[in-house]
Structures are given as structure tokens and as C-alpha cells.
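Undergrad: Here's a structure for you.
The values are calculated or read from the model by the stated rules, or taken from the named source; none is laboratory data. Treat the numbers as computed from the prediction; the structure is a model and nothing was measured. Cβ sites come from the backbone with ideal geometry, for glycine too, and all protein chains shown count toward neighbours. When the accessible area is computed, the model is the full protein with side chains, heavy atoms only, and any ligands, DNA or RNA have been set aside. Shrake-Rupley method; radii C 1.70, N 1.55, O 1.52, S 1.80 Å.
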Amino acid sequence: MPQQGGKSEQGPKAQKGSKPAQPKGKPDFEQAGALADWLKDAAAEMKKQGVNQKFTDSFLGELVNEISMQNAATEATHAQAQAAAAEKLQVSKDQFIRLNADFDNYRRRTAGEKLALKDSTKGDVIMQLVPLIDNFEAAKNAIKVQSDAEQKIVDSYQGLYKQMVESFRSLGVEATPGVGHPFDPRFHDAIMQEPNDDVPDGTVLAEFRKGFKLGDKLLRAAMVKVSSSDVMPAQKPPASPSDDAPVELHVRFLSLPPPERSHCFAIVQSFALQRNDKGSPRSSSGGASTVRDMTIKVSSNFDAGNVEAVDAKDPQNVQLKIRPDPYCKGDDITHFQWFQFRLTGVQNQALVVKLMNAGQSSFPEAWPGYKACASYDLTDWFRVQTAWDEKAGVITMQHKSNHDSIYFAYFPPYSYARHQELIAQTHAKKNVRLDVIGETLDGHDLDVLRIGHPGKHKRVVWMVARQHPGEAMAEWFVEGFLNRLTDPHDAAAMRVLEHAVFYVMPNVNPDGSIRGHLRTNAVGANLNREWKEPSIERSPEVYHLMKKMDDVGCDLFLDIHGDEEIPFNFLAGSEGIPSFNERLRALQNTFSTAFVRASPDFQPKPGYTVDEPGKANLAISSNGVGERFKCLSYTLEMPFKDTQDHPDNVHGWSTQRAKNFGAAILQPIFEVVPKLRQPVENQKGDTVVHA
């Protein structure tokens, strides 16, 4: 407060952009609102104290003016705050409405997705069980009852089959129309065609594999044989000369639902499209009509591709040659037998494909009884009619293609891309480690998977595959084995990992696999003849593998192969190694007996001639490893053809059967592991394996 009688002080500064009104006369205290009474009391007190009236009026007037301006500013701020709050409320309300609408849409969408997921999951589970139906059907057809006791077993067996079928039916699974029904491309894969005048054209004559559907969803198409009348000679006019008939039938053909897994209706080809655009008759080689003129292209420039075109002008005389591996000095031969190729421009073509140099292949004695593999999608492989002309040395494959392109192969290939997926998916599982032990001559990684944890008292089990790259079934086998071994819900897998650690090399020879070789690596080395003296320059695959085995030891060695000629799954032991004894023989008996119980696909029949004592070739892996580590050591062989005891006319020995067989071998491993050998020292003098 200023001193009495002194010069008045400057009041509080007004807000920027405004100038307080100068007080004139007595101040209007009512402008101060709630402070009016206080100011009146202050004026009376100042008067009582004898303060100059003019000074009092000036001072209090400025104060009233300042309070009035602050009140006005406060009211403006309050109004702005109310407006902002109202705007924010409206925004929140809009957001709530949109969120509520989004949630309602989400609820309806998730309800639909949940139902679709339920159906999809059910379909996926059922598809995993469908092979059981196939196995029951195959067993029923294969069983030959010879006694009442056997009949009782068959009756019990069929009782289980009937119960399983009823369970499928309760889940909504239905079989697609079968024998006697018209061909329907929505449900059927026509893999064979047979002239038959007793039934209408397009009637299903035989069903090689049942088809199934879940409600309106096709789970699997049926593989069938379809009837057809003999193809009309090209020079003979159609029964009905009307130009409208082909057009009408062509429209009916195009109006069929687009086939996803089903093949084109072959009867239409031979009846409705016998004319060209001008209506004149047209024929291809052999008198069969075609939809359009096509040029066949032969391709093998892809992973595991192998074939060279000789003459592909005539679809009924496609002549090819198998490209050989590099010369193998150790075997003194240029190996070849593996083939894989694609033909394009072949829709509705009755193909006759010949391998002109088959007679000079590595194992010409294996061609009799062989059926080539074919696929439209590289997933579903089936066998095709195949004939061996021993005199000409030519293999001939025949098949009517229902699509623009078709693949042929010696056996369903296991691609390098799938190999990489197998490594990636397996090593990401619990208790699995990946070790790259080296590189091939082409620069590919040599991958070894370790499953389980090494321990002082743990046995060491090794499994390797595809030393011979053309034996693709070996890696399919390993995939099935790894899937079971890494299954956290498999009791045998969990138990065996308590007592053993596994080292698995699914593909020892990636160079040869990618190049489309039968038996050798990039420079012509037969890796299964390199185990005595491997080298970095010629066989780095075996060199690095043996070095790793020396580091960790080996109690049980399994080398997985395929055999071109013998129609059995069998084991070849190491009876001819110098250190073979009764202990190893007892281990062989334990393993073989358990394998028989684990899988009917295993036949304990002699496959190869057993080596005389001490005469085994130690350059072969099972012999070399067996002698090096004094351990149980096997070569396992699977057929390129099929098993004689349980044949499958559609697929032969297949990828799925190989995977199932790989899963089954875990049982004999489980039973033999506790009986494996005593501690021994490796070449460094370290004890690496313990009983």
C-alpha cells in the first residue's frame, strides 16, 4: 500500500491488447462482484484512518477495474472450457458409437470365423485319419483266410473297421459316389480310362482310392477308372452330323464346376470336340481327337530335374534320355537311373513317353515290374502304366494327361526347399540344436540336427540319409522319424530321449540331390564308398561327418537308403566286420524283432548277401562305422517299386508310407537303447560313449 500523502503506485498491468478504464469519481464497487462488500469495508477503513479521499477513490477504482477485468477473463475462459468439454464429449460419443459398431461387426465376423475354423479343424483332423481307412481297405483285400482261427481274427479286424467307419459317419463324413455312378469332376480323379460297351460312357468302373467329403466340402477326391466307348475313327463322320451337337456338348463341358483336384472329363474329348473351328474332322496320332493343336515342351531345368529331349513332336512317341552322373572312379561306371521332368501342352493327350537309354542305366535289372510316378501338383503322386522292353533297352510310360502339364519321376522327389523347411521347423522345436558341420563342393551347408541333451551316461544314436541322392524315399523316412521323435506327446519319444541323444543328417548329399544325380556328389564320388579314406577335395560330406562322429561318438548307426530292385523293406547288418561278435548279433535280434512288431511294412527277410566274417567292405558306411565304434550298425533299404507283401496299386511305395515307416523305427530304437555297448575311447583317447 502506498505511503500516506505519497505519489500513487501504478496498479496491476492490464491484459495485453486492453487498457483499463481510468476511475472517475467514486468507484462502482458492484463491478467487483463477490468482493464488493470487502471493498466497501476497505474504503470505510481507509476513511477512518484519514487517508486522502481522492487517493482512496483512485486506488479503489483501479482495483475494482482490475477485478472486473479478471472476472470477465475468467468467465470467457470458463465458456471456452465448457465448449471444449462439449466438443470432447461429442468426439468421445462418436468414438463410442463407432467402437460399438466395430465390436458388433467383430462379434459377427468371429462367430463366422469360429464356425469355419471348427469345420476346417475337423477336416484337417479327419484327413490325418483317412489313411487308416485306406490301410483297412488294403488289408481286407490282401487277407487270404485259410482257417477258422484266421477268420475270427479277420472278423475282429473288420469289427474295428466298421466301428471306425461309424465314427466317421457320426462326424458328418461321407464317401463320394463310387463304382456305378457317373463320373463327376467335383469328386473324382480319372487316372484310367477303359472301353466298355456294357455301361454308359463316363461310368465309374473301379475305385482305386476312396474319396471323402465333409458336408459340402471335398476332403479328398476319389481316384477312379472311367468307362468310354471306342474312339471314333477320324475319317468317319459323327453319328449326328448336326453342327450344333459339338457346340452343345462343348458348352455343357464348360459349364461343369471348375475342378480343383479333379481331372477333365476325358469322354468329352473323344466325342464333342472331334471337329476343328470349320467343322471338319480332326485327329491326332493314334486317331484320338484333341481340343487344340499343341506343342509339347520337355522341362527338367529345376531342382532334381534330369532328362534330355530326343524327340517330342509326337505325344504318342515322346523320346527322352536320362542324363548321367559324373563318372564315378571308385565304381568305374557312369551312374544314371533317376529321372524327373515336366511335360507341358499335354491336356487331354494320350501320352506315350520313352526313356531311350534305360538299358544302359546303372541297374537295368530293376526295370521289370517298375511303374513310374506322375503328378499334376507335385504333391499327389500316383503310378502310371509302365513297360520294359529288354531287347530294345527302353522304358515306356503311358498316361492320359488331364491337365496342361504333368510331372514324371523315378520316385516322388524330396526337394531341397522341403529339406530346408524340415531343418528350420525341426530345429525350432524344444531340445533341438542345429550344427552346420561343413560345406559341400557346391557350397551347400551340411546340416546335422541334435535332438536331446548329451550326457555322461547317454547313448549316442546317429541317422543319416541320401548318401545316394536319387533315393528320395530316405529323406521322407527321416521326416517321419523326426516328427515323431520331437513330438512332446509321444511317450516312447520322451522316454528314449531320457537315455539317448540323437544326431540326424537328413541329406548327406545335397549337391547330388539338386543336380538330379542317382548315386554321386558333384564330382562323381559315391559317398557310400568313401568311408575308409574320405577327403576334403573329393568327399567333404563324409569327411566332415566322420569328424563330427569322432567328436561325439556312436552307439547305434542307421544309414537310410532305397533299393531299385528288391520289393521289400529290409535291414543290412555289419556281420562281415572284424569286430562283429555275439553281443552285436544279440543286439541285431533285439532290434529286428522289435521292428517286426512296430511295422508290418518291415520284412525281416535277407535282402543282400551277408558278408563272410572279416570280409566286409569298410568303405561302406554301416561297415566302416560299425568297425570304427564297435557298435550296432545298419543300412536300411526301402523299395523304389513297392512292398511285395502289402502292395498299393495306385501309389506303390509312397511318401506317406515312407514317413510312417520312419516313425515306426522309433520303437526298435527304444527297445535296443538300454542294451547298447560299454564305454570306449575315441581316437583322441577321450571316453565319449557310456552304457
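Undergrad: Tell me which residues, restricted to segment 355-389, are outside any loop (DSSP other than H, G, I, E, B), crowded, with 18+ Cβ neighbours inside 10 Å and in contact (Cβ under 8 Å) with a residue 40 or more places away in the chain.
TA: Result: 355, 366, 373, 381, 382, 383.
Quick grid of which residues meet (1) touching a residue at least 40 places away in the same chain (Cβ under 8 Å); (2) crowded, with 22+ Cβ neighbours inside 10 Å; (3) under 22 Å from residue 363 (Cβ atoms); (4) not hydroxyl-bearing (Ser, Thr, Tyr):
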| position | (1), (2), (3), (4) |
| --- | --- |
| 635 | yes, yes, yes, no |
| 646 | yes, no, no, yes |
| 649 | yes, no, no, yes |
| 653 | yes, yes, yes, yes |
| 656 | yes, no, no, yes |
| 660 | yes, no, no, yes |
| 670 | yes, no, no, yes |
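Undergrad: Could you grab me the full set of residues in segment 514-550 that are in contact with a Pro (Cβ under 7 Å, 6 or more places away or on another chain), surrounded by fewer than 23 Cβ atoms within 10 Å (Cβ to Cβ) and part of a helix (DSSP H, G or I)?
TA: 543, 546
Undergrad: Looking at segment 582-612, which of its residues are in contact (Cβ under 8 Å) with a residue 24 or more places away in the chain and open to solvent by 90 Å² or more (accessible area, probe 1.4 Å)?
TA: Result: 583, 597, 600, 606, 608, 612.
Undergrad: May I ask you to list pairs of residues, at least six apart or on different chains, whose Cβ atoms are under 9 Å apart, with the first in segment 72-96 being in a helix (DSSP H, G or I) and the second being open to solvent by 100 Å² or more (accessible area, probe 1.4 Å) and of a type outside the set (Asp, Glu)?
TA: Listed by first residue and then by second, the contacts come to 73/15.
Undergrad: How many residues, within segment 326-354, are open to solvent by 20 Å² or more (accessible area, probe 1.4 Å) and among the polar types (S, T, N, Q)?
TA: Of the residues in segment 326-354, 3 are open to solvent by 20 Å² or more (accessible area, probe 1.4 Å) and among the polar types (S, T, N, Q).
Undergrad: Could you list all residues from segment 431-458 that are touching a helix residue (DSSP H, G or I) at 6+ places or on another chain (Cβ under 8 Å) and small (Gly, Ala, Ser)?
TA: 438
Undergrad: Let me ask something additional. Hey, any hits in segment 136-150 for a residue that's surrounded by 12 or more Cβ atoms within 10 Å (Cβ to Cβ), in a helix (DSSP H, G or I), in contact with a strand residue (DSSP E or B) (Cβ under 9 Å, 6 or more places away or on another chain) and at pLDDT below 75? Before the answer, list the steps.
TA: First pass over segment 136-150, keeping only residues surrounded by 12 or more Cβ atoms within 10 Å (Cβ to Cβ): 136-140, 143, 145, 150.
Remaining after also requiring in a helix (DSSP H, G or I): 136-140, 150.
If we keep only those that are in contact with a strand residue (DSSP E or B) (Cβ under 9 Å, 6 or more places away or on another chain) as well, we get 137.
Still in the list and also at pLDDT below 75: 137.
Scanning segment 136-150 turns up at least one residue that is surrounded by 12 or more Cβ atoms within 10 Å (Cβ to Cβ), in a helix (DSSP H, G or I), in contact with a strand residue (DSSP E or B) (Cβ under 9 Å, 6 or more places away or on another chain) and at pLDDT below 75.
Undergrad: Just to check your reading of the model, which residue among 483, 507 is polar (S, T, N, Q) and in contact with a His (Cβ under 7 Å, 6 or more places away or on another chain)? So that I can check it myself, show each step before the final result.
TA: Numbers: 483 fails: in contact with a His (Cβ under 7 Å, 6 or more places away or on another chain).
Only one candidate passes the filter, namely 507.
Undergrad: To continue, here is another question. Filter segment 193-212 down to residues that are surrounded by fewer than 18 Cβ atoms within 10 Å (Cβ to Cβ) and within 18 Å of residue 137 (Cβ to Cβ) and give me whichever is modelled with the lowest pLDDT.
TA: 208
Undergrad: Among the residues in segment 617-629, are any open to solvent by 70 Å² or more (accessible area, probe 1.4 Å) and farther than 20 Å from residue 527 by Cα?
TA: no
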